[in-house]
1. Could you give me the radius of gyration and the Dmax of segment 114-172, taking only the C-alpha atoms into account and expressing both in angstrom?
2. Just how far, in whole angstrom, is segment 1-50 from segment 126-175 if you go by their alpha carbon centroids?
3. Residue 126 to residue 85: extension gain in nm, 0.36 nm per residue of separation minus the Cα-Cα distance?
4. Hey, rough spin-label estimate for residue 170 and residue 92, points 7 angstrom out along Cα→Cβ, what's it come to in nanometres?
5. Could you bin all the Cα-Cα distances of segment 15-61 into 5 Å bins starting at 0 and give me the percent of pairs in each, rounded to whole numbers?
6. Any idea what the relative contact order of segment 52-219 is, in percent, if you count C-alpha pairs under 8 Å spaced at least 6 apart?
7. Can you tell me the mean projection area, over all orientations, of the convex hull of segment 1-134's alpha carbons? Units nm², please.
8. If packing is taken as the average count of other Cβ atoms within 10 Å, what order do 53-63, 129-139 fall into, highest mean first?
């Protein structure tokens with residue numbers, strides 16, 4: 001494995017060899033924790049290898065396990081080197097019921113330039129409706145909302161913010177805590193959009209926060 005990692009210019013054949021070499025979870029973790037941007041192009045050529053997140057695993061008794069996704073963590077680490085390529089990989093990712101993978105997708109978006117991240121917001125917003133997604137991803141999503149707002153991309157930030165608020169309200173656990181993650185600095189970063197966008201944001205939040213007295217202070 002170390003000899004493979006030391007290759008100066010890995011190519012498509014090296015990528016195919018690697019996919020055959022990695023056979024256990026520990027292999028995946030070892031390689032993708034150490035691989036750098038040299039491996040991005042070759043592995044991106046192996047269809048579905050970098051951009052197919054794992055699903056939840058049934059462990060019995062009604063319980064599930066959210067497995068880690070080493071390839072996704074690799075994409076987040078190298079996203080800045082090839083933002084167009086990485087954004088394209090994310091846009092072609094299939095749906096996943098793994099909330100841990102959804103949190104990593106948001107990490108990838110945060111590692112991209114804001115204009116590239118904004119293109120991923122419709123897909124990320126849909127993913128927030130997956131059960132437990134808000135519990136794994138609310139903090140990362142809130143940070144992305146703030147970053148989009150500060151970058152002048154308030155429309156994308158508002159879309160993501162409202163999806164997180166909706167997900168938190170429908171979550172059966174700790175929804176107030178998750179709502180607080182997006183109704184502080186992230187909300188302030190996009191609320192200054194003004195005009196039609198600002199009015200639409202306030203109207204939606206008033207409707208969503210009916211009966212939630214302490215949280216309505218964020219509407220001021």
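1. Rg, Dmax (Cα atoms, Å): 10.7, 34.
2. One Cα centre to the other: 32 Å.
3. Values: separation 41, 0.36 × 41 = 14.76 nm, distance 2.17 nm.
Stretched fully, the residue 126-residue 85 segment lengthens by 12.6 nm.
4. A separation of 2.9 nm, rounded to one decimal place.
5. Calculated P(r), rounded to whole percents: 4, 16, 25, 29, 11, 7, 4, 2, 0.
6. Working: 242 pairs, mean separation 29.2, N = 168.
So the answer I get is 17 percent.
7. On the way: hull surface 32.8 nm².
For segment 1-134, averaging the hull's shadow over all directions gives 8.2 nm².
8. Values: 53-63: 11.7, 129-139: 20.7.
Going from most to least packed, we get 129-139, 53-63.
Each reported figure results from applying straightforward, stated rules to the coordinates on display, with no laboratory input. Treat the numbers as computed from the prediction; the structure is a model and nothing was measured. All Cβ positions, glycine included, derive from the backbone under ideal geometry; neighbour counts span all protein chains shown.
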